[in-house]
1. Under Stokes-Einstein, with the Kirkwood radius over Cα pairs standing in for Rh, what whole-number D in µm²/s applies to the stretch 81-193 at 20 °C and 1.002 mPa s?
2. Largest first and to the nearest Å, give the Cα extent of the stretch 145-285 along each principal axis.
3. Quickly work out the T371-to-K327 label distance, labels modelled 7 Å from Cα along the C-beta direction, and quote it in nm with one decimal.
4. Cross-link partners among aspartates and glutamates for K90, C-alpha distance below 16 Å, same-chain residues fewer than 8 apart left out?
5. Once amide H atoms are placed 1.01 Å from N in the peptide plane, what residues at a sequence separation of 5 or more from K332, or on another chain, have their amide H within under 5 Å of its amide H?
6. Are there GluC sites (Glu not before Pro) in the stretch 1-71 that DSSP puts in a loop and that have at most 15 other Cβ atoms within 10 Å, and which ones?
7. Can you check what the Kirkwood hydrodynamic radius comes to for the chain, Cα pairs only, in Å to one decimal?
8. Please give me the summed charge of the neighbours of D154: other residues whose Cβ is under 10 Å from its Cβ, Lys and Arg +1, Asp and Glu -1.
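Laboratory data are not the source of any read-out in this text; all were calculated from the coordinates shown. Model, not experiment: these values are computed from the prediction. Counting neighbours? That spans all protein chains shown, and the Cβs are built from the backbone with ideal geometry, glycine included.
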Amino acid sequence: MPSSKEYMEIEAKYGAHNYHPIPVVIAKAEGVYVWDPEGKRYTDMLSCYSALNQGHRHPKIVKAAKDQLDVLTLTSRAFYNDKLGAFMKKLTTLAGMDMMLPMNTGAEAVETGIKLARRWGYEKKKIPKDKAEIIVCAENFHGRTTTIVGFSTDPDAQVGYGPFTPGFKVIPFGDADALEKAITPNTAAFLVEPIQGEAGVMVPPAGYLKKVRDICTKHNVLLVVDEIQTGFCRTGKMFCFQHDGIKPDVMLVAKALGGGIVPVSAVLSSKEIMGVFTPGTHGSTFGGNPMACAVATAALDVLLDEKLDKRAEEMGNYFQQQLKALKNPLFKEVRGMGLLIAVQLTEKAGPARKYTEELMRNGLLAKETHTTTIRFAPPLVITKEQIDEAVAIIKKVIV
């Protein structure tokens, strides 16, 4: 077997340099742990950006994948298959929605949500042709397609990719008054993350989503909630919007829905809204394939059977308490919800990258975001003992 160094050299030679990975090669994984080719073990504190809420290679999800591989993997939506309907029923029931449209990746779910909102705006709200507006938030992260990066406020996401799709308006995150001021008769939807993950785990003021819900209802604007990173128990509820006791008009999900095995995403909404899609107006070759449906159904079962929402709440509170108890002068703030946690470093601490690389050398995998923030988002199956081990490494490294 090649060494870690050789694997990294091969990738650097043949792969586009659009990522800046932590210099570690992962060759094996189970639960919250991963191993490199040399056999060194690491604790995974990123969970593939919340795609591994159930942990690496959960046996029930792996079994579902293996069983499905033996019978049927792909049909396309030109035909029915025997796994899609049951998956649709389980997910829509869990989300409290009427209908869903299956896709593959998170970005595809967002693109589908944008198309859905615009089509609803024209057909139901009677917005004049090509005038529909969608309001989004500064520092958002909804994916990397051309349309999506066009309404990003991250310069790195935009340079060299214009011209961008019109029809988007940017407002500050967490500011409900700014939303109301931005709405016009042509506003079709407000697209928002309940917590901005990529921006550094930015938690909005308490009651923000409740105010947003009321404003959208008042002005007949669709509330489109992107739960791709916050959904499926990550923040201590099955879906993050549930902390505010609201219901969105449209919900976008992905990541943990695939159980860490295959990409699965979905758009969920009401019959009235989803009804604007008719045969031939949207689709996906792989969306709703039987392999994905079998895996996603098992992934949902694990979340429910193991009560991973309660576990995320309990372990998240404990993790935050332990981090705050360090009273580290280089910590400007510890924030988050459930097991989506960030440590904001002080200016004196300097860039976070040097710490994430040193954490890696000490057996802990995390990732910096926005230069001075370290995000900790382990699989939800993590134990107190494993958190204690992680905190001991953090205490040792960030000095």
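1. On the way: Rh = 15.7 Å.
My calculation gives 137 µm²/s for D.
2. Dimensions of the stretch 145-285 along the principal axes of its Cα atoms: 41, 40, 35 Å.
3. In this crude label model, K327 to T371 measures out at 3.1 nm.
4. By straight Cα distance, K90 reaches D82, D98, D301, D305.
5. Q344, L345, T346
6. Working: sites: E6, E9, E11, E30, E38; in loops: E38.
Filter output for the stretch 1-71: E38.
7. Working: mean 1/r = 0.0455 Å⁻¹.
Hydrodynamic radius (Kirkwood, Cα only) of the chain equals 22.0 Å.
8. Values: positive: none; negative: E139, D156, E198.
Local net charge: -3.
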